[in-house]
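Single-structure report; data block below.
Every number in this text was worked out from the coordinates using simple rules, so none of it is lab data. Please read all numbers here as calculations on a predicted model, not as lab measurements. We place every Cβ from the backbone using ideal geometry, glycine too, and count neighbours over all the protein chains shown.
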Amino acid sequence: MSSTRNPHPLTGQVALITGGGSGIGLGCARELVQDGATVMLAARNVERLEASATELRSIAEGGAQVLTVACDVTSEQSVTEACAAANNAGKFTMVVANAGYGGGGPIHLTSLDDWNGILGTNLTGAFLTIKHSVSHLAAHGGGSIVAISSIAGPVTHRFMTPYDVSKAGLEMLIRQTADELGCRNIRANAVRPGLVPTDATEGIMTLDVILNDYLEQMPLGRVGSTEDIGKLVRFLLGDESSWITGTCISADGGHHLRRGPNIEPAMEMVLGDARYPAGPSSNA
Ligand code: NAP
């Protein structure tokens, strides 16, 4: 008996991808449109969204459409409208809560604005994205949500506290969502990328002392690609993973087996002794 594999298993479904115009979000969109899904790319930079949409249309298959919507995930109104736009595009069943950014700095020099900015985008932005999408997903009989966490979710990264805290919070948000909304056939999982070259990691990629430290912590000895992450996200969004919910899966070359990165040399270069509050050392 022979069975034919459906070449476009996601045809007829719509995915909302926050931060879908670049980097990892765009990598997720590439995997989805090749499997037939319509994607709604949501971010602030409309020009970049349109350029990415043009690229995606050239590889889209199985009736996939590529749509864009201007969206700032820190604004509840904006997120509500983006979710409505995804729902208007068809059977809205998939969400990638990907928008996010980070920054380096010591705790005692982190401004409240910096803290609120990172938490507001990475954690509150994901909360709003989930809050305003789940009613649509439930109305379509369920769906799958994937949040882009980080190795920084479970492992400390000294001098990156707001980012680490935002990703740790994001992972609990995902577990809460999975537990509460499984009864509506809504699944929620997180992916923890290791170091992937994107606009966000340009600074790390060009500083050898930091890049080499990352690589030394990866048993597989190479940085990731947006395709490495996109393929895992695609798996978690589709029926192939229909019994998986509430998990946080690493895609990081094995980095999670070792320690978090050491960005202290960069902090020392920029801040010198001021990278720590003045006082006697516990090692003295
Ligand atoms: P990126 O290319 O800079 O992507 C970040 C995206 O988020 C951009 O498209 C940006 O678009 C969007 N964004 C930022 N603030 C937003 C807001 N307020 N509203 C809507 N969209 C917003 O960097 P990336 O590396 O792909 O990052 C994507 C996600 O992966 C982030 O959550 C990041 O923490 C996570 N991650 C990355 C790595 C890595 O090594 N690259 C590792 C672990 C986790 P606009 O500026 O146009 O809004």
Out of 183, 28, 248, any idea which swings most in a Gaussian network model of the chain, alpha carbons joined below 10 Å?
-> 183
In the Gaussian network model of the chain, springs joining C-alpha atoms below 10 Å, which of 61, 240, 216 carries the largest mean-square fluctuation?
-> 240
DSSP loop chymotrypsin sites (Phe, Trp or Tyr not before Pro) in region 120-177 with at most 14 other Cβ atoms within 10 Å of their Cβ, which ones?
-> none
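In debye, nearest 20: dipole of the chain around its Cα centre with unit charges on the Cβ of K, R (+) and D, E (-)? Before the final figure, lay out each step's value.
Details: 19 positive and 28 negative charges, 145 e Å.
Around 700 debye, computed over the chain.
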Does anyone have the angle between helix 46-57 and the longest principal axis of the chain? Alpha-carbon axes, 0 to 90°, nearest 10?
-> 50 degrees
Which of the listed residues, 26, 119, 66, is farthest toward the dipole's positive end in the chain, when Lys, Arg count +1 and Asp, Glu count -1 at the beta-carbon?
-> 66
At q = 0.14, 0.17, 0.24 Å⁻¹, the log10 of I(q)/I(0) for region 64-144 from a Debye sum over equal Cα scatterers comes to -0.52, -0.70, -1.12
List the trypsin sites (Lys or Arg not before Pro) in region 171-245 that DSSP assigns to loop (not H, G, I, E or B) and whose Cβ has at most 11 other Cβ atoms within 10 Å. Which are they?
-> 222
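How long are the three semi-axes of the equivalent ellipsoid of the chain, in whole Å, if each is the root of 5 times an eigenvalue of the C-alpha gyration tensor, listed from largest down?
Details: eigenvalues 232, 79, 64 Å².
So the equivalent ellipsoid measures 34, 20, 18 Å along its semi-axes.
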Report, in degrees rounded to the nearest 10, the 0 to 90 angle that the Cα long axis of helix 226-237 makes with the longest principal axis of the chain.
-> 50 degrees
Net charge of Cβ neighbours under 11 Å - reference residue 141; Lys, Arg +1; Asp, Glu -1 | +2
Taking Cα atoms, the helix 161-181 axis meets the longest principal axis of the chain at an angle in degrees (rounded to 10) of 30 degrees
Of 219, 238, 79, farthest towards positive along the dipole that unit charges on Lys, Arg, Asp, Glu beta carbons give region 13-275 = 238
For the chain, modelled as a GNM with alpha-carbon contacts under 10 angstrom, which of 90, 23, 100 fluctuates the most?
-> 90
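To the nearest µm²/s, what D does Stokes-Einstein give for region 138-200 at 37 °C and 0.692 mPa s, using the Kirkwood radius over alpha carbon pairs as Rh?
On the way: Rh = 12.8 Å.
Diffusion coefficient, whole number: 257 µm²/s.
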Lysines with Cα under 23 Å of residue 131, excluding same-chain neighbours fewer than 8 positions away = 91, 167
